[in-house]
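K.L.:
Supplied in structure tokens, the structure appears directly below.
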Amino acid sequence: MSLRSPVLAPHLRHSATEPMVSPSGTSTRGFTCWLLALVLWVGMLTWPLPELSAAGPEKARSVSEPTGSGSGHAGEARSVRGPAPAPVDTLDLSRAVVELMAEHRIPGVGLALVSRDSLIWVGSWGVADRNTGQAVDATTVFRAGEISESVTAVVALILAREGRIALDDPVVERIPDFGIDNAWAPGQPVRIVHLFEHTAGFGALPLWSWGLRDPDLSLRDGLERVLGGVRWPPGSFHLPSPVGPSVGAYLLEEVSEEPFEELAARRVFVPLGMEVADFRLTSSVERSLAQGHRGAGRTPVPYGPPVLPPSAGLNASPRELGAFVRLLLGRGSVDGVELLPEELVSWMERPATGPAARAGLDAGYGFGLATSVGEGFVFLGRAGSIDGFAADFGYLPNEGLGYVLMTNSSGPGFDDLRGVVRSHLVRELGPPPRPPRAQVSPERIRAWTGYYEQVTPEHETARFLDRLFSITRVTPTEDGSLRVRRLLGDDLELVPVGPSQLRLEDEPVATVAFLTDERNRLVLSGTGSALRGGYVPVPAWGAWTRWTVASGVAVLIASALLLSLWWAPRWFKHGVPAGERWTLRVLPAAASWCLLLSLLLLLAATGDEEARRLGLPTFWSVGIFVLVLLFSLSTLAALVEAVRAREAWGSRGVRLHALLVSGANLLVLIYLGAHGLVGFRPWTG
């Protein structure tokens, strides 16, 4: 549905004269599994029970909530259990969850299955805190991460419905004293809709923002500290950023003259019966909050308040969030309580700005909601993670089914859990048909082929990697499809389903499109998990030049590293040979080792603790900073020595190798310097 749709006319204020921009042992495990199956089977025979016990990697439990008709808040337990729209084998689902928890050492899991009419089932397994052994139950609260943005978006739509804001309002008109660095204003302003669809042009939070996690930091102060400039004309590309929704939340604060946390509680949580849920660490939340864990679920992660709570601060139980999913399934209403009209809910489920909207794609990121494909179905929802927690909710509007999945571990296994939940949810459903193949002219296919590079890195500091490793080649196939070959990642086959829309071969919806931006450049835009972001063409010679130079540089640097492993032990044992100018070998090798060690340290810093390790002055961040400086100094010194070398200082081969390696290191130094990485301290603003 277009932003200019007549359905949305009451929620829009501006005319369309301004374009939206084109741009243990085995026996024990066997006994445990046998006991699990027996206990779960007995529990199902004695339905309903308040708790369905089961053995698992810790003390796993499954709690089933009776549902049915009746008055009261959404998600409230009913005395009669009504039938689910489609049967879900909760016994088999519980068994699968427990197996995955054991495999991936996940401490605790909470799950809610819902329909548009009722809360179908709530399951809980494992422990909320490994140290105390407190079990997860139906009231356990988890941190929801970026799911917060979906709630924030609903608050915005509620105010839009009341006429207090218009979704196409320029942000500067509503909060004129809040500065947004937008080089394309006033002709192309950042609008409210851009904030919640992540098309405003904001980037990810800077790494140093980890040091700003202060519970007393106001929303505005947090935004002013981390707000960067708009990176491209608003509406040109989609890039997830916590900044946009939080700017939107601050705007809602100003319009309502009410702190956002209180506004969200009054307008969403209370009407939906979400009695504990909150964007703050309240006493009620703290009493029920699980302990987050990282890695293999063994290391606890201390609670840290997010810099931007409206984008990552939500705390809730799966049962409570199940009420929120029912709101969306009910097209804005739950148990007779209407928060939004149906047309607004339908509108927020599809992109209205950005490349996906311009290309006519239904899949992508809408107003606080995203599409994802699983088990042959297109799910709507949102995923989130923060400080040892991972969460996801998804729903199928047509089938009237949804789920909320939450864990207190940010380690591996969450994707497998989500896949198991989705497969059980849709097991009795027939998947929707795939869009048929469209006939596209050979001329258009040829126009789409070539090399592309990604232009939407999450962090601007990562662009130096994208310019080398994001290059993608698109080639035609004999059957009229397109093959996408990537330097990193599996090949993809895209099937045309429209004039410029394409889908992956095994998916039921188009997630890729070709279009032009405001500079009349061809843009390859992807909204799916396999291909995401914006790509623009690069000439073949340009792509191959980058790869050839990078390969040559890598070979020369590797040669210096390998040779140093030969001559260094010999010199240590026998001393430097007479007439050998030791600096011609040591300096290029030292520069090369500094570069290699800095890359290895960067690789070691990534993962669950990436933000803390790089966003604070730690061994990793300071080590990278020092190594890059040493690389720079030793590169320059080696180059000077190689240029000044005389014949008496060593063999011609040694001098030539020193000169070549120093030149290769100099190219790397210039490249890093051009991207602002020499002297870069990620823990400082």
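K.L.:
Once the convex hull of the C-alpha atoms of region 492-630 is built, how many Å³ does it hold per residue, rounded to a whole number? Before the final figure, lay out each step's value.
P.N.:
Working: hull volume 29.7 nm³, N = 139.
Hull volume over Cα atoms, normalised by residue count, gives 214 Å³.
K.L.:
So, in Å, what gap is there between the alpha-carbon centers of region 661-682 and region 114-169?
P.N.:
45
K.L.:
Report the extension gain between HIS459 and GLU173 in nm, rounded to one decimal, defined as 0.36 nm multiplied by the number of residues separating them, less their alpha carbon distance. Intermediate values should be presented prior to the final figure.
P.N.:
On the way: separation 286, 0.36 × 286 = 102.96 nm, distance 2.84 nm.
Contour length minus Cα-Cα distance gives 100.1 nm.
K.L.:
If the viscosity is 0.890 mPa s and the temperature 25 °C, what Stokes-Einstein diffusion coefficient in µm²/s follows for region 293-429 when Rh is the Kirkwood radius over Cα pairs? All intermediate terms of the calculation are to be shown ahead of the outcome.
P.N.:
Details: Rh = 16.3 Å.
For the chosen part, D equals 151 µm²/s.
K.L.:
Would you calculate the volume per residue, in Å³, of the smallest convex hull containing every Cα atom of region 602-663?
P.N.:
Convex hull of Cα atoms, per residue: 93 Å³.
K.L.:
Apply the a/c threshold of 1.5 to the C-alpha gyration tensor of region 417-514 and tell me whether it is rounded, prolate or oblate.
P.N.:
Numbers: a/c = 2.57, a/b = 1.20, b/c = 2.14.
Oblate is the answer for region 417-514, as a/c is 1.5 or above yet b/c matches or exceeds a/b.
K.L.:
If you wrap region 557-685's Cα atoms in a convex hull and average its projection over all directions, what's the area in nm²?
P.N.:
8.7
K.L.:
Using only the Cα atoms, work out Rg/Rh for region 174-260, with Rh taken as the Kirkwood radius, to two decimals. Don't jump to the answer; show the numbers that get you there.
P.N.:
On the way: Rg = 12.7 Å, Rh = 13.4 Å.
Ratio of gyration radius to Kirkwood radius: 0.95.
K.L.:
Can you bin every Cα-Cα distance in the chain into 10 Å intervals starting at zero and give me the percent of pairs per bin, rounded to whole numbers?
P.N.:
Reading the bins upward from 0: 3, 14, 22, 24, 19, 11, 5, 2, 1, 0.
K.L.:
Further, regarding this structure: Evaluate E = 1/(1 + (r/R0)^6) for VAL576 and THR545, where r is the Cβ-Cβ distance and R0 equals 51 Å; express this FRET efficiency to the nearest 0.05. Please list the in-between numbers first.
P.N.:
On the way: r = 39 Å, r/R0 = 0.77.
Computed FRET efficiency for VAL576 and THR545: 0.85.
K.L.:
Once ligands and nucleic acids are excluded and a 1.4 Å probe is used, how much of GLU428 is accessible, expressed in Å² to the nearest 10?
P.N.:
Rounded to the nearest 10, the figure is 120 Å².
K.L.:
Can you work out the PRE-style zone for LEU429? Point 7 Å along Cα to Cβ, and I want the residues of region 306-330 with backbone N under 18 Å.
P.N.:
Flagged as within label range: 322-330.
K.L.:
Further question on the same structure: Please give, to one decimal in nm, the separation of the simple spin-label points placed at GLU257 and ARG486, each 7 Å out from Cα toward the Cβ.
P.N.:
Output for this residue pair reads 5.0 nm.
K.L.:
Another question, then. Which value, in Å to one decimal place, does the Kirkwood hydrodynamic radius take for region 117-186 when every pair of different Cα atoms is included? Write down the numbers at each step before the final one.
P.N.:
Details: mean 1/r = 0.0597 Å⁻¹.
About 16.8 Å, per the Kirkwood formula over Cα pairs.
K.L.:
Rounded to a whole number, what % of the accessible area of the chain do carbon and sulfur atoms account for, probe 1.4 Å?
P.N.:
Carbon and sulfur together cover 57 percent of it.
K.L.:
Could you tally the net charge around GLY676, taking each other residue with its Cβ under 14 Å from the Cβ of GLY676, Lys/Arg +1 and Asp/Glu -1?
P.N.:
Working: positive: ARG463, ARG467, ARG681; negative: GLU460.
Summing Lys/Arg as +1 and Asp/Glu as -1 gives +2.
K.L.:
To continue, here is another question. Under a 5 Å amide H to amide H cut-off, with H placed in plane at 1.01 Å, what residues pair with GLY374 once short-range neighbours are removed?
P.N.:
Residues meeting the amide H criterion: PHE379.
K.L.:
Separate question: For n ≥ 4 DSSP H runs only, could you compute -39500 (n - 2.57) per run for the chain, divide by its residues and tell me the 222 nm figure to the nearest 500?
P.N.:
About -12000 deg cm²/dmol.
K.L.:
Starting at the first residue of region 505-510, write each ³J(HN,Hα) from the Karplus equation 6.51 cos²θ - 1.76 cosθ + 1.60 with θ = phi - 60°, in whole Hz, x for Gly and Pro.
P.N.:
Each residue of region 505-510 in turn: 4, 9, 10, x, 8, 6 Hz.
K.L.:
Can you compute the charge dipole magnitude of the chain about its Cα centre, using +1 on each Lys and Arg Cβ and -1 on each Asp and Glu Cβ, nothing else charged? Give it in debye, rounded to the nearest 20. Write out the running numbers ahead of the final one.
P.N.:
Numbers: 61 positive and 69 negative charges, 530 e Å.
With Lys and Arg at +1 and Asp and Glu at -1, about 2540 debye.
The values are calculated or read from the model by the stated rules, or taken from the named source; none is laboratory data. The structure displayed is predicted, hence computed values, not measured ones. Neighbour counts run over all protein chains shown; Cβ positions are idealised from the backbone, glycine included. Side chains are part of the model used for accessible areas, which takes the heavy atoms of the whole protein and leaves out ligands, DNA and RNA. Shrake-Rupley method; radii C 1.70, N 1.55, O 1.52, S 1.80 Å.
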